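Q: Pasting in a structure now, in C-alpha cells, and then I'll have a few things to ask.
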Amino acid sequence: MEPLLAALKKELLSRDLLHADETTLEVLCEPGRPAQTDSYMWLYRTSGDTDHPVVLYDYQEGRSGQFAKAYLAGFSGYLQTDGWHGYHKVEEAGVTLCGCWAHVRRKFNEALVGPAAKQPDSKEAIGLAYCNKLFDVEKRPST
C-alpha cells in the first residue's frame, strides 16, 4: 500500500488548491496512551476535480499545526481550512491560506445578537445577507 499512498500524496501535493480539516478520534488500546486520550484524524483533499479526487487521511496523536506543515511539505498552493490558528504553520512553508464561507457565515450569525439582531442594516446582518446571497448563487444549476 505504501507505493500507492506515496503516489496519491504526490498527486495531492501537485495541485494548486487543497482543503484540510481535522477531527478528534478516540483510539482504544493504543500503546502508551490511556483509552480516553484524544487523537486526531487529519483530512487532506484536492479541490474541484470530481473525476479524479484525492482524499487522504493522516492519523496523529495531536492537533499541532506542525502536523499539517509536515504532511504538506512541498505543497505551495492554496489551502482552504476552517480558520483554526494551527494552520498558520503552513504559511511558514509558503502556502496561502483561504477561509471557508460556511465558517464566515456562522460567525456573522453568532454575532447577530442583542441590538444588532433588530437592525437589518447592522454590519452583522449585512454580512449574513451577503453570505446567504453567495450560497444562493452556488445553488443555481450550472449551464
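Throughout, read-outs are computed from the coordinates displayed, never taken from laboratory work. Please read these numbers as outputs of a predicted model, since none were measured by experiment. Using ideal geometry, Cβ is built from the backbone for each residue, glycine included, and neighbour counts are taken over all protein chains shown.
Q: Among the GluC sites (Glu not before Pro) in segment 15-107, which ones are in a DSSP loop with at most 16 other Cβ atoms within 10 Å of the Cβ? Mind listing them?
A: Those satisfying the criteria are Glu61, Glu92.
Q: Given Cβ point charges of +1 (Lys, Arg) and -1 (Asp, Glu) and nothing else, what value in debye, to the nearest 20, does the dipole of the chain about its Cα centre take?
A: 460
Q: Reported to two decimal places, what Rg/Rh ratio describes the chain when computed on Cα atoms with Rh from the Kirkwood expression?
A: Checking Rg against Rh, the ratio lands at 1.06.
Q: Sticking with this structure for a sec: Given the C-alpha centroids of segment 1-66 and segment 82-143, what is the distance between them in whole angstrom?
A: Comparing the Cα centres of segment 1-66 and segment 82-143, I get a distance of 25 Å.
Q: Going by alpha carbons, how many degrees (0 to 90, nearest 10) lie between the helix axis of 2-14 and the longest principal axis of the chain?
A: Approximately 40 degrees, to the nearest 10.
Q: In terms of Cα to Cα distance under 19 Å, which lysines are near enough to Lys10, apart from those fewer than 8 places away along the same chain?
A: Candidates past the 8-residue exclusion: Lys69.
Q: Order of 65-71, 81-87 by packing, highest average Cβ count within 10 Å first?
A: Those peptides, ordered most packed to least, come out 65-71, 81-87.
Q: Another question, if that's okay. So which residue, out of Leu97, Leu18, Leu128, gets the largest mean-square fluctuation from a GNM of the chain using Cα contacts under 10 Å as springs?
A: Per the Cα network of the chain with a 10 Å cutoff, Leu128 tops the list.
Q: Additional query: Could you please report the charge total around Thr37, scoring K, R as +1 and D, E as -1 over all other residues with beta-carbon less than 10 angstrom from its beta-carbon?
A: Result for the local shell: -3.
Q: Sticking with this one: Can you compute the helix-only [θ] at 222 nm over the chain? Use -39500 (n - 2.57) per DSSP H run of at least 4 residues, normalise by all residues, nearest 500 deg cm²/dmol.
A: Result for the chain: -11000 deg cm²/dmol, rounded to the nearest 500.
Q: Counting pairs of alpha carbon atoms under 8 Å apart in space and at least six apart in sequence, what relative contact order in percent does the chain give?
A: 17
Q: Antiparallel DSSP bridges in the chain: what percent, to the nearest 5?
A: DSSP beta bridges in the chain are roughly 70 percent antiparallel.
Q: What are the ³J(HN,Hα) values, in whole Hz, obtained from phi via the Karplus relation 6.51 cos²θ - 1.76 cosθ + 1.60 with θ = phi - 60°, for each residue of segment 103-115 in sequence order, with x given for Gly and Pro?
A: 3J(HN,Hα) across segment 103-115, in whole Hz: 6, 4, 4, 4, 5, 4, 5, 5, 7, 7, 10, x, x.
Q: If the cut-off is 17 Å between C-alpha atoms, which aspartates and glutamates fall inside it for Lys118, apart from same-chain ones fewer than 8 positions away?
A: Glu110
Q: Treating the angle as unsigned and between 0 and 90°, give the value, to the nearest 10°, between the Cα long axis of helix 123-139 and the longest Cα principal axis of the chain.
A: Computed tilt is about 60 degrees.
Q: Using +1 at the Cβ of each Lys and Arg and -1 at the Cβ of each Asp and Glu in the chain, identify which of Tyr57, Ala20, Leu134 lies farthest towards the dipole's positive end.
A: Leu134
Q: Next question. Full-extension gain between Cys98 and Ser39, please, as 0.36 nm times their residue separation minus the C-alpha to C-alpha distance.
A: Residue separation times 0.36 nm, minus the Cα-Cα distance, leaves 18.7 nm.
Q: When we measure straight from the Cα of Lys123, which lysines land under 18 angstrom away, once same-chain ones fewer than 8 places off are left out?
A: Lys107, Lys133
Q: A follow-up question, please. Which of rounded, prolate, oblate describes segment 37-95, given a ≥ b ≥ c as roots of the alpha-carbon gyration tensor eigenvalues and a/c under 1.5 marking rounded, otherwise prolate only if a/b is larger than b/c?
A: oblate
Q: If each residue of separation counts as 0.36 nm, what is the full-extension length gain between Leu8 and Asp121 once their alpha-carbon separation is subtracted?
A: My answer for the length gained is 35.9 nm.
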